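The values are calculated or read from the model by the stated rules, or taken from the named source; none is laboratory data. These figures come from a predicted structure and were not determined experimentally. Backbone-built Cβ (ideal geometry, glycine too); neighbour counts: all protein chains shown. Ligands, DNA and RNA are excluded from the accessible area calculation, which covers all protein heavy atoms including side chains. Shrake-Rupley method; radii C 1.70, N 1.55, O 1.52, S 1.80 Å.
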Amino acid sequence: MVLFSKSRLSHIAMADEVDDGNFRVTVQELRQLMELRKANAINEIKAKYGDVLELCQRLLTSPTNGIRGFKDDIDRRTDVFGANIIPPKPPKTFLQLMWEALQDATLIMLIVAAFISLGLSFLPSSESAHGGGGPEWIEGVAIFLAVVIVVTVTAFNDWTKEKQFRGLQEKLESEHTIAVIRSGEVQQIPVAEIVAGDICMIKYGDLLPADGIIIQSNDLKLDESSLTGESDAIKKGVDTDPMLLSGTHVLEGSGKMVATAVGLNSQTGQIFSLLLDIKGQKGQKLEVDAEDGTVNSEDGTTKTTPVDGEAPAASLPNNHPVAMEHENHTGSSEGKSVLQGKLTKLAIQIGYAGCTVAVLTSLTLIIRFCITEYAINKKTFDITDLQNFVDSFIIGITVLVVAVPEGLPLAVTLSLAYSVKKMLKDNNLVRHLDACETMGNATAICSDKTGTLTTNRMTVVEIMLGNEYHKEVPNPESIDHELLQLITDGIAINSSYSSRLLPPEQEGGLPRQIGNKTECALLGLSLQFKEEYQIIRDRWPVEKYKVVFTFNSTRKSMSTVVPLEKGGYRLYTKGASEIVMKKCTHIIGADGKPKVFGLDEKDNMIKDVIMPMASHGLRTLCLAYRDIPADERVDWEEENNIVCNLNCLTIVGIEDPVRPEVPPSILQCQQAGITVRMVTGDNVNTARSIATKCGILKPEEGFLVLEGREFNRRIRDRSGRIQQELLDKVWPNLRVLARSSPTDKHTLVKGIIDSKLSTHQEVVAVTGDGTNDAPALKKADVGFAMGIAGTDVAKEASDIILTDDNFTSIVKAVMWGRNVYDSIAKFLQFQLTVNLVAITVTFFGACIVSDSPLRAIQMLWVNLIMDTFASLALATEPPTPALLMRKPYGRTKPLISRLMMKNILLHGVYQIIVLFVMLFKGCLDPPLMGVWTPQLTPQLQPAFVTSFVSLQPVHTSFMPLPKSLSRNLEFVPTTPSL
């Protein structure tokens, strides 16, 4: 792709001068300009500004040096053009959260009952209803007090949960950075700090944080489907379509753009202003015309925007700097997990059963009272009888309060939220709550190699030069000067300029590798050859490039074309050794002269050089070049006609050592019943060597190691379609998939998830770092993106971000997930046992004794203690390595296991027997002999409640509850018996 003509290159030099005058372009002009596309945009730029370089001058910025970057300069730009943020929607106040908590149906019924009870407390009432003694208004006031406390605790928990979500999103936002040029230096800054006029360096995998116009580009292609609905990759360039929009993804290539619209003034920001109904940063209010879908601003300008249903909301990526604020308010609702959904469903079913029993209880008591008083005793209705009806209603509510585990979803949410916060310390940044517990049930992990299983610090350790294989990098004096110059020029020029080596942080340490680690290894080789790559780059700025074919998963190579001083062009290529070698016709010998490189020579090179390097676990790259004569007519869009007839310069073996902690971690996974598979783009020999070192492959086991081509041959029928039954024959024994494409990775993940071979179905986790890994990350049950090497698109598609790019962190995520699942299961067993006992005793006690042995206010206190202390106990129980010694539960295993059901029934029957003996023995007056007195005495009722509460810590000693839960239950006997 042609970037600049000679006249424009001279113009760039003039544009480098930045004055301190006033901006000669307005916010409104830039907003209107960014609404144009392709030819319309190019014509508008030419008509108003001449070209984009003149626009840079009006924005007081330099295409090569950027803005000055001083604080007063940035403040001035922020004041004039706005900041790259959207004011967040204010959080709900504590009173609003209390009002929402008050909408619970059970609490509303209790409030109504408390009002009626208080109103009737001024009328004479029977002593039997209240057990005699004490003011009659106490129960109504006590219910009010309990409701206030329950509402306050619920609101506080909701407030805490929302605060945690905001904190996590701020963490995500702070980690989203972009490279900009300020004062001639490349800097990494948070996207929220971008200002209009910044020169942003964009590359493959970036998520654009602001609107901008291309200054120069290299094979740049974007995905604009989030804004325009166009599913195809859009080619971008100065002379084709220079407009770049925030929220879109860079699929291929690289380049530089000048930021023109940020925050609310960007295209994404304007859509968000519609969603949040807030005014623009320059005081403009946008309004949507419902008929034609246009957006009208106060100044009368009109623009078209997608308003089809949920398109605006969907158009904003989760980790876009603008979308981050919006996600703060939606994250908690979207984070409802599969387990939490099961628990909510269970609570609803129990609620229905509780309502049925509550209605039966109230009706039984009312009918019994009417038959006894009006039919047997022949009494007439009296106003004081209303108190008995209210008492029966309150007893029914007591049954409902006892039956409904309304605190269970809250306990789960708190547990997950606290676990997510703790997982951050273990280098797991959880973006979706459900991923936390889902990871605990994972049965398979499909992992990348580079950076996850290996250190991602690459070094050239073996090299083929002059058709000779060297086990160590030779002394540069022994290499032909012309060959050495071709290699070092190719390394420096044919690489991203964002990749570089910096001095070590500590004296005596290794240089810091910034950017692409493979390119950093080659830059290190250049330094070993005593050639400064930066001097070569200064001599060849990107503006001089003719065309760049950037690396992607299909191409598996990168090529750069630069002009020669004597006319013509030179092409430098690097990439996977087998692929680049196929395009070579000659090889440069030790004397610097090209020699024929035929099929036999290539086969020998594979056998004698590439395979030995790969068997040592090295990644092999081939570097080549080609000179293009000046008189040769070339179509620069036809890559296949350009990258051909190459001269092989060298083949290097790059070492990426296995992380020392990875083999023990993989062994832990295997002991935990989790199958680890490696999916990599490296050749099969390198992949097999690394997999063996990691412990994924063992010599005595006959597992499969396949290349992508062979994998596709085995899983497709004659018509080329993927068949699940064929895939089911491959994946159970597959451990390494080499030379794989992102499509292969997605196919494997989907096939494992959809397979019915396993009893409880497979739960699959996937790691990825590239843009093309996004489909597999989305498809997986849990997607792990690399926090250091991962692209913005991969992070957006993921559920968890590994902040250290380390496989060991995945094992910690498994531990946390299993810990959450087991803790919730224990709490569920505990609460269901309490509910079963309480509802049985309350129902039969009310029907036989004519009064509930457990009052509503007392059960409110019991539930309050259980909901708060037990949920906190869940969150404070740390995971242990013992959790990795059992097999995963799988996808379809029931939430309440047979063992849990047996424990619930056995403990419940035991408690019911003890409480029934106490209840019915206590109702005999005198004890054990005499006449049956069907009522609770003032002394028996508090004693009964205390016994009921005291039995709960006793039954916890017979079940494997967390220590902290048992510890917190010591507080339960202090529950007041009103």
Filter segment 760-777 for residues that are under 25 Å from Lys893 (Cβ atoms) and in a loop (DSSP other than H, G, I, E, B); the one that is most open to solvent (accessible area, probe 1.4 Å) is His760
Output the number of residues of segment 428-461 satisfying the condition of being touching a strand residue (DSSP E or B) at 6+ places or on another chain (Cβ under 9 Å) and either in a helix (DSSP H, G or I) or without any contact (Cβ under 8 Å) to a residue 40 or more places away in the chain (or both). 5
If the Cβ limit is 6 Å and pairs must be 6+ apart or interchain, which residue in segment 586-603 that is charged (D, E, K, R) pairs with which residue that is in a loop (DSSP other than H, G, I, E, B)? Lys595/Gly589
Would you check if there is a residue in segment 784-804 being over 13 Å from Thr452 (Cβ atoms), modelled with pLDDT of 90 or more and part of a helix (DSSP H, G or I)? no
Among the numbered criteria (1) assigned to a loop (DSSP other than H, G, I, E, B); (2) more than 17 Å from Glu531 (Cβ to Cβ), which one does Met464 miss? (1)
Among the residues listed as Ala576, Ala624, the single one being touching a Leu at 6+ places or on another chain (Cβ under 6 Å) and not assigned by the TED database to the domain that holds Thr450: Ala624
Quick check on segment 893-908: of everything there that is in a loop (DSSP other than H, G, I, E, B) and out of contact with any Lys or Arg (no Cβ under 6 Å at 6 or more places or on another chain), which residue is farthest from Asn835 (Cα to Cα)? Lys893
Only one of (1) modelled with pLDDT of 80 or more; (2) within 30 Å of Asp754 (Cα to Cα); (3) open to solvent by 70 Å² or more (accessible area, probe 1.4 Å) does not apply to Arg891, and that is (1)
Counting just the residues of segment 825-854 that are buried (at least 23 other Cβ atoms within 10 Å of the Cβ) and outside any helix (DSSP H, G or I), which one comes out modelled with the lowest pLDDT? Ser852
When residues of segment 184-204 are limited to those that are of a type outside the set (Val, Ile, Thr) and in a strand (DSSP E or B), the one nearest to Leu53 (Cα to Cα): Cys200
Regarding Ala780, is this residue of a type in the set (Gly, Ala, Ser), crowded, with 16+ Cβ neighbours inside 10 Å and closer than 20 Å to Ile801 by Cβ? yes
May I ask you to say which residue of Asp608, Asp631, Asp591 is over 27 Å from Glu472 (Cα atoms) and open to solvent by 60 Å² or more (accessible area, probe 1.4 Å)? Asp631
Go through (1) at pLDDT 80 or above; (2) assigned to a helix (DSSP H, G or I); (3) not β-branched (Val, Ile, Thr) one by one and return the number of the condition Phe869 breaks. (1)
Give, as residue ranges, the strands (runs of 3 or more DSSP E) completely inside segment 529-610 that count at least 1 residues that are more than 41 Å from the chain's Cα centre (by Cα) and over 28 Å from Pro503 (Cβ atoms). 557-563, 569-576, 584-588, 594-596
Taking Cys644, is it surrounded by 12 or more Cβ atoms within 10 Å (Cβ to Cβ) and touching a Cys at 6+ places or on another chain (Cβ under 7 Å)? no
When segment 413-452 is examined, which residues are found to be surrounded by fewer than 21 Cβ atoms within 10 Å (Cβ to Cβ) and basic (Lys, Arg)? Lys421, Lys422, Lys425
